[in-house]
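First comes the structure, then the notes that go with it.
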Amino acid sequence: MQIIINERYYDFKKGETILQIAKRHGIEIPTLCYHSMLKPEGRCRVCLVSANGKIVTSCDTLAEKGMHVVTNSKKLQKMRKKAVDLIASSVEPQTLKEDNELTRVMKKVGLKKPSYRHHKILKSDKSSNAIWRNNNKCIACGRCVQFCEKIQSVNAITFSGRGNRMVVEGVGGEELASTSCVSCGQCSLVCPTNAITEAKSIARMERMLRNKKKLKIVQIAPSVRVSIGESFGLKAGEIVTGKIVSALHKLGFDVVFDTNFSADLTIMEEATEFVERIKEKRLPLFTSCCPAWIDFCCEFFPEFVKNLSTTKSPQQMMGAMIKTYYAKKRNINAKNIVSVSIMPCTAKKKEASLKEMRSSNAGKQDIDLVLTTRELAELLKRKKIDLKKMKPMKFNDPLGESSGAGSIFGASGGVMEAALRTAYFLLEGKELKNADIKQLRGERGIKEFKIKIRGKKIRTAVAHGLSNARLLLERIRSGEKFDFVEVMACPGGCIGGGGQPKPSDWSVLKARIQAIYEIDKRKKIRKSHKNPSIKKVYSEFLKEPASEKARKLLHRHYPLKGKTI
Amino acid sequence: MIAKKVLLNELGKEQKKKGFVSKKKLKEIAKNVCLPESEVFSAATFYSFLSLEKRAKHIIQVCNCPSSHLHGSDRIMKYLEKKLKVKAGHATKNKLFFLSETSCVGLCDKAPAIIIDGKPYVKVNEKKIDKILRKLK
């Protein structure tokens, strides 16, 4: 079938919208509320085109055979400009001074200043430790609501009211902290005007960096190194590990550690726990690296809380190790350490502030401050540090060495793959021949994989995106049997986390996933139990996986009902 | 789709019975009609005939559709605000009257229209309002 766009013929398949066809062939139509991962709703009226002489929104109009589409007549330009004008008039003037999707669309349609002013004055919501909302910047595009409902199935925010009084609110008009919000932050990732952001800690970070008396230690999550380049104009999936390390040193950090190391540590503990659980027949075991998933499980499926692994997330393990093992090694009081982590995630901010995460006995949290990838990029730009021009440096010892298994934590299926590499060794007594488990990779919502260990079939499943997790849990509830289940709250895993650079869609996520597996491929050591630094930590400090000390520092408890805070 | 049809019915019943739909009831209804609480809340705030808290004894709603506008619903609203000493969207101090706007009530041919406690009054003017309000007190 063919369609005529701007006097030229283009092929299309049934069910495609006009916008999809135009995008595929590089014809530009400005869009604002449209997001490729969501169902188009045609709210903003910016993507107007004329189809057979009728003005329609191209995002939700299906193409028809022989349809005559014009994308850029004078009349359309005028209408688009007016649509953007009305939207721009409805937000706080401050919003238009920032660089966001709205201002970029304004430039595209040639609008300098809004002609009207009718913005709302509402209270902003800073109740949550992870996510802040400012309704005065909101243009009611509905992306966040749809993401929360359709992709995460959390339903924490929704529209209330009607017409020009319609606002996005927590369910029941409540503040975000008292709704079912699990802090995954996907809403902040898709917001075109930064009305929803992470709970900002840049100001606190700058204050901490000025403090010369304290030892400043920072750790970088596996998925930050493949995404932060995007904020500096590099293409998605560019690996900039060494450059971030030197940029962080330049910012004023004394020591830079790798969260991949503590990911290896997580695998040691988790695989050991899995082996124990097989013996005790307390299955399935759910992974516990994702704090948003933990909140989701506690809130919506409290009967499965007993199945959650008790191991802490890599961030918290590193936090505990820095303020105990490393402090002892350097002969320094843990109170004089400032421990910061760079995460792709908003929920990690909340996790770090939990009362439980104080196992180092320094009287303070194990992790003092969490910055998202976006925040780090902003901070670097503020200090005029160009990531592209940095000379690559290596991580500091002893918590900087990692295996390939630790680095794939960033992608969905990675934790499972890494855990199976070690669990196979623990159960079978010999190494897994081929370390790549391709069945656990890819973008399918739920991935299943069976592996034979000691003549017994181990059934594993991986889900990403909380609506997929909900489906999987419903299946388990209705009697389906699994032994080991990994869940990541965000689509694609941590590389698609709520704190990652914008814009984010599947093409970007795929490039990041590819980069993650590339890092794994390049590593000589690809299994956590082979990492010499891990061996050293166990021989010097922790003794063995799941020892008394490891239990105290590296494991946690869960509330039986409701969220963690 | 069935759930959504039932939803409005359920919300309407509760509104009629108690004069408002409490947050607790919202949760209950959501469970009964198998919809997420967010959707039920969204629907309840969309309609001006539903409310989430007790408003007042008498509820006065002024139609704000274009037809009523052309016939001076603005003037009527201002008159009511002055007379009852409240702003639109609020209740009087003695909790006797609640004044608000409503979207089109389908009486465009007899504009301006107001609705008091669910009963429509058409072609209203200041005199007519005085008369109606006197009866209500």
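The values are calculated or read from the model by the stated rules, or taken from the named source; none is laboratory data. Given the structure is predicted, the values throughout are model-derived calculations rather than measurements. Cβ coordinates were reconstructed from backbone atoms using ideal geometry, including for glycine residues, and neighbour counts include every protein chain displayed.
Key figures for this structure:
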item	result
Per-region count, the stretch A:151-181, residues at pLDDT 90 or above, more than 9 Å from chain B (Cβ to nearest Cβ) and closer than 22 Å to A:Ile87 by Cα	2
Residue tally, condition at the interface with chain B (Cβ under 10 Å from one of its Cβ atoms) and farther than 19 Å from A:Gly499 by Cβ, over the stretch A:119-150	2
Scope the stretch A:5-17; condition touching a His at 6+ places or on another chain (Cβ under 9 Å) and surrounded by 15 or more Cβ atoms within 10 Å (Cβ to Cβ); matching residues	A:Ile5, A:Tyr10
Listing of helices (runs of 4 or more DSSP H) fully contained in the stretch A:494-554 that carry 1 or more residues being within 30 Å of A:Cys187 (Cβ to Cβ)	A:506-522
Every pair of residues 6+ apart whose Cβ atoms lie under 6 Å, when the first sits in the stretch B:45-58 and is away from chain A (no Cβ under 14 Å) while the second is among the acidic types (Asp, Glu) and surrounded by fewer than 17 Cβ atoms within 10 Å (Cβ to Cβ)	B:His58/B:Asp117
Residue pairs meeting the criteria (Cβ under 8 Å; at least 6 apart or on separate chains; first farther than 13 Å from A:Thr460 by Cβ and among the hydrophobic types (A, V, I, L, M, F, W, C), in the stretch A:426-440; second surrounded by 11 or more Cβ atoms within 10 Å (Cβ to Cβ) and at pLDDT below 90)	A:Leu427/A:Ile453
Residue in the stretch A:154-161 that is outside the structural domain of A:Gly445 (by TED's automatic domain parsing), in contact (Cβ under 8 Å) with a residue 40 or more places away in the chain and not β-branched (Val, Ile, Thr) present	no
Any hit, the stretch A:142-153, residues being without any contact (Cβ under 8 Å) to a residue 60 or more places away in the chain and either acidic (Asp, Glu) or surrounded by fewer than 17 Cβ atoms within 10 Å (Cβ to Cβ) (or both)	yes
Per-region count, the stretch B:59-72, residues closer than 21 Å to B:Leu133 by Cβ and more than 10 Å from chain A (Cβ to nearest Cβ)	8
Criterion: outside any helix (DSSP H, G or I), within 25 Å of A:Ser50 (Cα to Cα), within 34 Å of the chain's Cα centre (by Cα) and not acidic (Asp, Glu) - qualifying residue of A:Leu111, A:Leu102	A:Leu111
Per-region count, the stretch A:354-412, residues touching a Lys or Arg at 6+ places or on another chain (Cβ under 8 Å), modelled with pLDDT of 90 or more and among the acidic types (Asp, Glu)	2
Test for B:Val33: is it over 11 Å from the mean Cα position of the chain (by Cα) and under 18 Å from A:Val171 (Cα atoms)	yes
Among residues of the stretch A:121-141, those that are hydrophobic (A, V, I, L, M, F, W, C), surrounded by 24 or more Cβ atoms within 10 Å (Cβ to Cβ) and part of a strand (DSSP E or B), counted	1
Output for the stretch A:444-468, where each listed residue is surrounded by fewer than 19 Cβ atoms within 10 Å (Cβ to Cβ), under 15 Å from A:Gly492 (Cα atoms) and touching a helix residue (DSSP H, G or I) at 6+ places or on another chain (Cβ under 7 Å)	A:Gly445, A:Ile446, A:Ser467
Any hit, the stretch A:65-79, residues being under 30 Å from A:Ser467 (Cβ atoms) and out of contact with any Asp or Glu (no Cβ under 7 Å at 6 or more places or on another chain)	no
Test for A:Gly110: is it more than 30 Å from A:Ala463 (Cα to Cα), surrounded by fewer than 20 Cβ atoms within 10 Å (Cβ to Cβ) and away from chain B (no Cβ under 14 Å)	yes
Listing of strands (runs of 3 or more DSSP E) fully contained in the stretch A:19-90 that carry 2 or more residues being surrounded by fewer than 16 Cβ atoms within 10 Å (Cβ to Cβ)	A:54-57
Positions within the stretch B:25-44 being within 8 Å of chain A (Cβ to nearest Cβ) and of a type outside the set (A, V, I, L, M, F, W, C), in sequence order	B:Pro36, B:Glu37, B:Ser38, B:Glu39, B:Ser42
Residue check, A:Ser124 under 24 Å from A:Ser201 (Cα atoms), modelled with pLDDT under 95 and either among the small types (Gly, Ala, Ser) or within 21 Å of the chain's Cα centre (by Cα) (or both)	yes
Of residues in the stretch B:13-24 being within 13 Å of chain A (Cβ to nearest Cβ) and not hydrophobic (A, V, I, L, M, F, W, C), the one nearest to B:Ala56 (Cα to Cα)	B:Ser22
